[in-house]
Amino acid sequence: MANHRLSPSRARPQLSISGIVEELKLSRGLQPCITHVEHFPAQDAKYAAFPEELDPLVVEVFKKRGIERLYTHQAKAVQRTLSGRNVVVVTPTASGKTLCYNIPVLNAVLTHPDARALYLFPTKALAQDQMEELYQLIQLSGRDIKTFTYDGDTPQDARKAIRARGHVVVSNPDMLHAGILPHHTKWVQLFENLKYVVIDELHTYRGVFGSHLTNVLRRLKRICAFYGSKPQFICCSATIANPKELAAKLLEEDVELVDDNGAPRGERYFVFYNPPVVNQQLGIRRSYVNETRSVALSFLKRGLQTLVFANSRLVTEILVTYLKDALEKNVLSRDLVRGYRGGYLPLERREVEKNLRDGKVLGVVATNALELGVDIGSLEVCVMAGYSGSIASTWQRAGRAGRRSGTSAAVLVASSAPLDQFIVEHPEYFFGQSPEHGLINPDNLEILLNHVKCAVFELPFTEGEKFGRVKTPEILKFLEENGFVHAAGGQWHWTSEAYPADAVSLRSVSSDNFVVLDVTGEPKIISKVDFPSALTTVHEKAIYIHEGQQYFVEKLDYKERRAHVKQVDVDYFTDAISHTQVRILDTFESEPTPLKSPFGNGRRSDLSSLDKEGLQWGAVKNHGEIHLTTQVVGFKKIKFYTLENVGAGDLELPEQEMHTTSYWLTLTKALMDSLPYLPSVRLNGVRGLAQAMRQMAALFLMCDPRDLQVTIEENLVGKTSAPAAVKPVQRGTDLPSQIFEPNLFIYDNYPSGIGLSQPLYEMHDRVSRETARLIRSCPCQEGCPSCVGPRGETGDRAKQVALEILNAIL
């Protein structure tokens, strides 16, 4: 991609990628911001011959494609698959993982024409992309192998032919769940002869999505057994810490790991960039969004195709706006920069992908929607606006640039969040640490119950039959009591008129989406927004941004799930404000921590001695079940570029409720009374402590920070031993000291939890120690976004008080 059809400027001297990186390092203004540059030299390929067991026609097909031999990991994966074992292949982006499953599938269909294969990709875009590769191989074989995509976009009149004749069916877990398994009697040919199930991008099946997938696969294997087949599984994944363990949990079968990468790799630079401090006292750094704009422009203005990743839809659209303002100066340079995120219509996304491959688009700003392996050609630069929250996804994003040959660069621009600051200031942690673990909890009661409903609808349960590894009698009796199933003749039958799969979304709490309707002229749908996001992004009076165009939300039709918007041109965007209340339902475990003097040798707390009322404890760590009620109560208007708060508004949107699991820390009356500050100042310290602990919890749990949320409630019961009733803490309120015991909740941000709270409870001491270290080592004086939060948000002395609280309980 040396020359693009559209280039903003050729006046500047052309530098190589390495030259631009060197220029960044030596620039007087930027040099202090470059905290680390990691250089990865080019790596040669390692080859192996095609396995002898393959049909000669298969080998001939690949030789026609110019593939005379395989990379070592490809040969090993194919060999183990042909020997009848389940395989998970874990190698970097662009290492040729596709061949690891296309070769055995093609071999099976060519040698046994009745054989069938099912490909599952996490997104429709990825499925469409992989179909192109498969079509080319089939055409070279000269055989009549029917390959079809089957997803929500497949026309109704084509579906019957696909069910009857498809040798290879390419789909996604959502369609398998709602469109294939419930109609298995129409798919007899597939289920009787299913030889292989391919699961690509395995690392994406973490948390709630992965927990759902395990249950979908339980249903799939149950139906296959009914039709007399037992498919093998071929899984592919980007690098994570526990791919074999994750695959084994998803499949509930033994799996063999192939992770010795034989593919070549081009030279790569990985740069950590920390925006400069603009207020030393408050520890405030220059806006990471503005800095991302500057870094991206240093590459884009030289005509280098650049992909910019943002962590939210809002930041994505802000950066699209900034980069279009800088680059699209006239009609000829229109659409040099495009956005790409969930919510864009499918045709828009396909157009962006094609224009990237063809070199017609110079820059794209995307959310994680472009993180997966959709073919977008060989980009040269990846700029990341903020740390994605996990090592695995950061490497996945960086790997979108460079591919197998040529020099590439990835630049991580840190935000002020504690996690970002920890990463850029401790590069050895990022480059030396194994990526995160993929954690799932398929036996989460809410998820399990929904899929047992779907399974009974598909096939009756026999008495004593397990669902995967789960015993079902109690669940089936519960469903019977609620009128869903009926026991007769030793079997449990579905009796409800409901279609259970329709009520279950694999990816979110609710299956509802809102559509965004542009009513500026002729009404037209411009995008869709998932239910939880709708309440914060398309509420009335919000500024909704799509492809850099601003829209004012005139009306949110909650009942019809529709937002009415009109095009506007304003100099601000909006940010929603939400409020959360917590009720403790059940405490599974509790353990108190003795109170120590937080003031060192020079002072002693009057309450440091033990008494009989339980108030001698400094804190109590807990984990259990909680009930959350969240409501969006208002919004702020934030000015572009300067990020000034230029206005606000109140909202009254419906409350959202969730039952989940949580870790919480109760700070006792004894501890709070020992702090020589007004109650409001003590509360500032608790707020700061909560912000810092959440970031450290995400780091050591190795999960996405968005999987955890934090809130503070006061425990108005007068005794630590019985935390039951909790009340939201109001900002700026002086509470009666004799009853003030705050609860600091860090909870799983999914209904019924995904298993993070108990591990967090068990690593309480480590998280507390590292939180104290983070706060202590931060150079700011009174708190900043990199430790306890800026003074304007957490209040006076938040840093000092948070550290004293930790010193008292460590």
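Key figures for this structure:
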| item | result |
| --- | --- |
| Test: residue in the stretch 250-266 that is part of a helix (DSSP H, G or I), in contact (Cβ under 8 Å) with a residue 40 or more places away in the chain, over 28 Å from GLY363 (Cα atoms) and not polar (S, T, N, Q) | yes |
| Residue list for the stretch 191-200, filter: in a helix (DSSP H, G or I) and either modelled with pLDDT under 95 or hydroxyl-bearing (Ser, Thr, Tyr) (or both) | none |
| Residue selected from the stretch 340-366 under the condition under 17 Å from HIS546 (Cα atoms) and in a loop (DSSP other than H, G, I, E, B), by the criterion most open to solvent (accessible area, probe 1.4 Å) | LEU345 |
| Where ARG265 falls short, out of the listed (1) open to solvent by less than 20 Å² (accessible area, probe 1.4 Å); (2) under 26 Å from TYR47 (Cβ atoms) | (1) |
| Of residues in the stretch 350-391 being at pLDDT below 85 and among the polar types (S, T, N, Q), the one nearest to LEU319 (Cα to Cα) | ASN368 |
| Single residue of the stretch 572-615 satisfying the filter (in contact with a helix residue (DSSP H, G or I) (Cβ under 6 Å, 6 or more places away or on another chain) and modelled with pLDDT of 50 or more) that is most open to solvent (accessible area, probe 1.4 Å) | LYS596 |
| Members of the stretch 277-310 that are in contact with a Cys (Cβ under 7 Å, 6 or more places away or on another chain) and open to solvent by 30 Å² or more (accessible area, probe 1.4 Å) | LEU282, ILE284 |
| Spans of strands (runs of 3 or more DSSP E) in the stretch 267-325 with at least 1 residues touching a helix residue (DSSP H, G or I) at 6+ places or on another chain (Cβ under 8 Å) | 268-273, 306-310 |
| Candidate set: the stretch 462-489, residues that are within 18 Å of SER211 (Cα to Cα) and assigned to a loop (DSSP other than H, G, I, E, B); chosen: the one most open to solvent (accessible area, probe 1.4 Å) | ARG469 |
| When residues of the stretch 73-99 are limited to those that are closer than 16 Å to ALA45 by Cα and assigned to a helix (DSSP H, G or I), the one most open to solvent (accessible area, probe 1.4 Å) | LYS76 |
| Entirely in the stretch 617-672, the strands (runs of 3 or more DSSP E) that have 2 or more residues that are in contact with an Asp or Glu (Cβ under 6 Å, 6 or more places away or on another chain), under 18 Å from LEU708 (Cβ atoms) and not aliphatic (A, V, I, L, M) | 617-639, 656-667 |
| Criterion: crowded, with 23+ Cβ neighbours inside 10 Å, in contact with a helix residue (DSSP H, G or I) (Cβ under 8 Å, 6 or more places away or on another chain), polar (S, T, N, Q) and under 26 Å from CYS778 (Cβ atoms) - qualifying residue of SER415, SER408 | SER415 |
| Leading residue by the ranking (nearest to SER390 (Cα to Cα)) among those in the stretch 219-247 that are open to solvent by 10 Å² or more (accessible area, probe 1.4 Å) and among the basic types (Lys, Arg) | LYS244 |
| Residue, most open to solvent (accessible area, probe 1.4 Å), within the stretch 421-457, restricted to residues that are in a helix (DSSP H, G or I), under 21 Å from PRO182 (Cα atoms) and touching a helix residue (DSSP H, G or I) at 6+ places or on another chain (Cβ under 6 Å) | PHE457 |
| Subset of the stretch 402-420 (residues that are at pLDDT below 85 and either at negative phi or not in a loop (DSSP other than H, G, I, E, B) (or both)) | ARG404, SER405, SER416, ALA417, PRO418, LEU419 |
| Subset of the stretch 534-555 (residues that are outside any loop (DSSP other than H, G, I, E, B), in contact (Cβ under 8 Å) with a residue 60 or more places away in the chain and open to solvent by 20 Å² or more (accessible area, probe 1.4 Å)) | THR536, THR537 |
| Output for the stretch 14-62, where each listed residue is open to solvent by less than 60 Å² (accessible area, probe 1.4 Å), without any contact (Cβ under 8 Å) to a residue 24 or more places away in the chain and in a loop (DSSP other than H, G, I, E, B) | SER27, GLY29 |
| Failed condition for ARG313, given (1) modelled with pLDDT under 90; (2) more than 22 Å from SER393 (Cα to Cα); (3) open to solvent by 50 Å² or more (accessible area, probe 1.4 Å) | (2) |
| Of residues in the stretch 679-697 being at pLDDT 90 or above and farther than 19 Å from SER757 by Cβ, the one most open to solvent (accessible area, probe 1.4 Å) | ARG687 |
| Where ILE525 falls short, out of the listed (1) part of a loop (DSSP other than H, G, I, E, B); (2) open to solvent by 70 Å² or more (accessible area, probe 1.4 Å); (3) among the aliphatic types (A, V, I, L, M) | (1) |
| Flag for ARG80 being over 30 Å from ASP153 (Cβ atoms) and of a type in the set (D, E, K, R) | yes |
| Residue in the stretch 786-794 that is surrounded by fewer than 19 Cβ atoms within 10 Å (Cβ to Cβ) and more than 30 Å from GLY207 (Cβ to Cβ) present | yes |
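The values are calculated or read from the model by the stated rules, or taken from the named source; none is laboratory data. Fair warning: this is a prediction, and the values are worked out from it, not measured in the lab. Neighbour counts are summed over all protein chains in view; Cβ atoms, including those assigned to glycine, are modelled from backbone coordinates with ideal geometry. Heavy atoms of the whole protein, side chains included, go into the accessibility calculation; ligands, DNA and RNA do not. Shrake-Rupley method; radii C 1.70, N 1.55, O 1.52, S 1.80 Å.
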